[in-house]
Amino acid sequence: MIMENNYISMKNINKSFGKVVANRNVNLSVSQGEIHALLGENGSGKSTLMNMLSGVYTPDSGSIFIKGEEVQFAAPKDAIKAGIGMIYQHFKLIDVLTAKENIILGQKNSFFLNEKALSEKIREMTVRFGLDIDPDKKVYNMSVGEKQTLEILKVLYRGAEILILDEPTAVLTPQETEKLFKIMRKMKEEGCAVIFITHKMNEVMEVADRITVLRKGETVKTVEKSATNPKHLAELMMGCPVDLSIKRIETEKSKVAIEVRNLSAVNVEGVEVLKGMNFEIYSGEILGVAGIAGSGQKELCEAIVGLHPVKQGEIIFNGENLVGKSPAEIITKGISLSFIPEDRLGMGLVASMDIVNNVVLKLYQKQKGIFINRKPAEQKSMEIIERLSIQTPGIKHPVRMLSGGNIQKVLLGRELDSKPQVLITAYPVRGLDVNSCYTIYDLLNEEKQKGVAVLYIGEDLDVLLELCDRIMVICAGEITGIVDARDTTKETIGLMMTGAVNLNREGEKSEYDNANYN
Amino acid sequence: MIMPITIRAIKKSEPGRMKAALIRIGAMILALAASSLFILLLRLNPIDVYLKMVQGAFGTAYRVKETIVKTIPLVITSLGIGIAFKMQFWNIGGEGQIAMGAFAASYFALYMNDMPKPVLLLVMILASMLAGGLWALIPAFFKAQWGTNETIVTLMMNYIALKWVMFLQYGPWRDPNSLGFPKIANFPENAVLPKLLGVHIGWVFALILVVAVYIFINHTKKGYEIAVIGESINTARYAGINIKKTILIAIMLRGGLCGLVGMIQASAVNYTLSVEITGGVGYTAIITAWLAALSAPLILIVSFLFAALLEGGSYIQTVFGIPQSAAEILQGLILFFVLGSEFFVRYKFVFAIKHPTTAGKGAS
């Protein structure tokens, strides 16, 4: 059968893993020169479907047509041959090699490399697709955005005409996302088909031409972008009407919970990463932190809990200076840090251990004696699963086997459970689906109501503006302003993020900032 | 029409316990089958040979004792290796740590032996553990300080330790009464470990240590911290674990256990110090520790079976008059299948028949 316009067509695809049905009679068709978004909650079967298209899994039944021809992929290399390239969330690159070396890796070349011709071909492709990459840069020197661009270049080099991107923006900053969208549009112009897996509605609206919504392993509908809106998409995704606004709970401003005075820090290379920071967080408020990625967010979090050395300054908590105390001491005083790194598992959780053993991590140091008692942690794990509705086969299930959203809930649940007075949370909704995001916003509001001082480091300015009481903007390790979230705009914050506006340097004080400037 | 069949390995999501056990048993059967072919080539009856192997390991009370004597160093060394591997400290310096432990114990046995027997033995035990521990601490320190590769450093340190013992044996510690033979004097009676139920008391140590290490890894804070460090240094930092201290403690323990093996072998098995003291246990124990998945109770079982394989192997050499290399080939075959089966526990094979494409050229 020849279908004129359908570049890719997947018909009645079924796939089960044991008793779990991941895909049930899924249909998908993508045309040439189209950006097609695959939208769905976590666990709705998006990745499974794409893994079948890229030859990682074989469907139990159903058929796949590429350019009208039925195909059967036994392995990813068959899919690559058919022109399908998949970009995974976790990059498959070799750190110590250069971009060029990563591109040719595993390719059947002649015995000797024609370096010149290769570089020429790479340059030609980067120009054609608008990819910004230095072929001789080592991967370990690359930012996440660059690595992703390299992955794209790699599959294009291998002749991909159909590109699948699995939640590509989950790990990117807003700026990097913008760049990626540009690349995607360029590829569309070049006649490629782009399939874009995501659960972020605003991105879909921005870049996609058509959208196929999946729910619980089934196709709900394929819609034209022009015929839909975010609210409609969210309803299709969840199968019920949803409210997309974030509540900001008003609380009485009370006492200062933690006070940071003139805090400076340098990194291992001796570069100043925090420059004389002054701010405080009140009990019962959420202080948002906005800034371009790498402006000192991570160092600030780590400095407060004693993981990053402090050059000078004070962190005053309950009348006591925390600078110089060990992380273990600071944690037991009631300060909690939940930092979701780009790879989700790198910090805070032990991937191969079960939930109980991960919950124990924050409990055992308070226990007396040399032995460890896991009983309280078992109880707590059960409570956390209940309270955050974590989907897991049991408390003895390795966290690595859970989905991203559930992993983050385990981490946040454990941190909240330690009943902190100060809760520092960085990127808690990174890569989460809509529902989970709202669960987490609700949880943060709940903590705020209990009088916890929350420091919320986020990426999405819209969320920061809706959720937080005040927003502290940082730029290159320096506070460029602390503003009230109720009467500020995204544009103002954007200007402060780049350092174009600096309220502190102009000697202006934000209304809550009653610090003594020298 | 020919339909090409493709075979590929797929990683299993989570292997079931029953299935894993069946695969391992299957591997044993295949190993015996493959070995049978080899035995037939030697014009021997495989069933006979296997029966003799079992007899060689368990046939008489004496042979059972010999098998147990071989098991003891394997168990204790594997336990030590297990602790380090749990922390992903790839230390293969068991040989050197055993040798240095034996050296320290021998010093007291040979030159400070005018103590009552229990005191002397206790001093020897402590000295051997301290020596093994310190020997292991050197690469750990280098790693903590400069990030050196512990595998290479521990491997090189094995040679230093063994050459040091050889130097003593041929030089300053050579027994003047050995008629020019390069040998260190035998230990006096009060430096020899006593026997219990016919086997030297090392077996009691081994059993106690299995329980102790099991409790240490699974039920103490330090054991938990070691596992966390092994999985993710960043998480350990984040939880406020004192990483350097924990690494040093774990490595001291590991080296200490190996050192103790040196003392046991010198005092209860060889009655002296020699370069043969380690008998390759430092390397063999890496295999047993891995086969036992670093679990203390399994280490006990695996080490015993491994020792039986070694004993049975050496027995058939004398019974059938086959060369040592033939017995080693049998051991090798069995190991090959058992280790190889781990692949099948983790992966499954998918056979797919490629359908010939029926559609014509697609439109572009």
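Side notes on the structure shown:
- Any hit, segment B:199-207, residues being closer than 27 Å to B:Ala285 by Cβ, among the aromatic types (Phe, Trp, Tyr) and within 22 Å of the chain's Cα centre (by Cα): yes
- Within the option set A:Tyr456, A:Tyr438, being at pLDDT 90 or above, under 18 Å from the mean Cα position of the chain (by Cα) and of a type in the set (Phe, Trp, Tyr) holds for one residue only, A:Tyr456.
- Taken as a whole, the structure leaves B:Ala185 outside the set of residues that are among the hydrophobic types (A, V, I, L, M, F, W, C), within 14 Å of chain A (Cβ to nearest Cβ) and surrounded by fewer than 18 Cβ atoms within 10 Å (Cβ to Cβ).
- Just one residue in the set B:Gly255, B:Gly332, B:Gly279, B:Gly313 is modelled with pLDDT under 90 and in contact with a Leu (Cβ under 7 Å, 6 or more places away or on another chain); that residue is B:Gly313.
- So A:Met277, is it more than 30 Å from A:Gln312 (Cα to Cα) and not in a loop (DSSP other than H, G, I, E, B): no
- Among the residues of segment B:216-242, those identified as of a type in the set (A, V, I, L, M, F, W, C) and within 11 Å of chain A (Cβ to nearest Cβ) are B:Phe216, B:Ile217, B:Ala227, B:Val228, B:Ile229, B:Ile233, B:Ala236, B:Ala239, B:Ile241.
- Counting only helices (runs of 4 or more DSSP H) wholly contained in segment A:309-412, the ones carrying 1 or more residues that are more than 10 Å from chain B (Cβ to nearest Cβ) occupy A:355-360, A:375-387.
- Test: residue in segment A:285-297 that is more than 14 Å from chain B (Cβ to nearest Cβ), under 28 Å from A:Asp442 (Cβ atoms) and touching a His at 6+ places or on another chain (Cβ under 8 Å): no
The values are calculated or read from the model by the stated rules, or taken from the named source; none is laboratory data. Every value quoted in this text rests on a predicted model; they were computed, and no experiment measured them. Quick reminder, even Gly has a Cβ in these numbers, built from the backbone with ideal geometry, and neighbours come from all protein chains shown.
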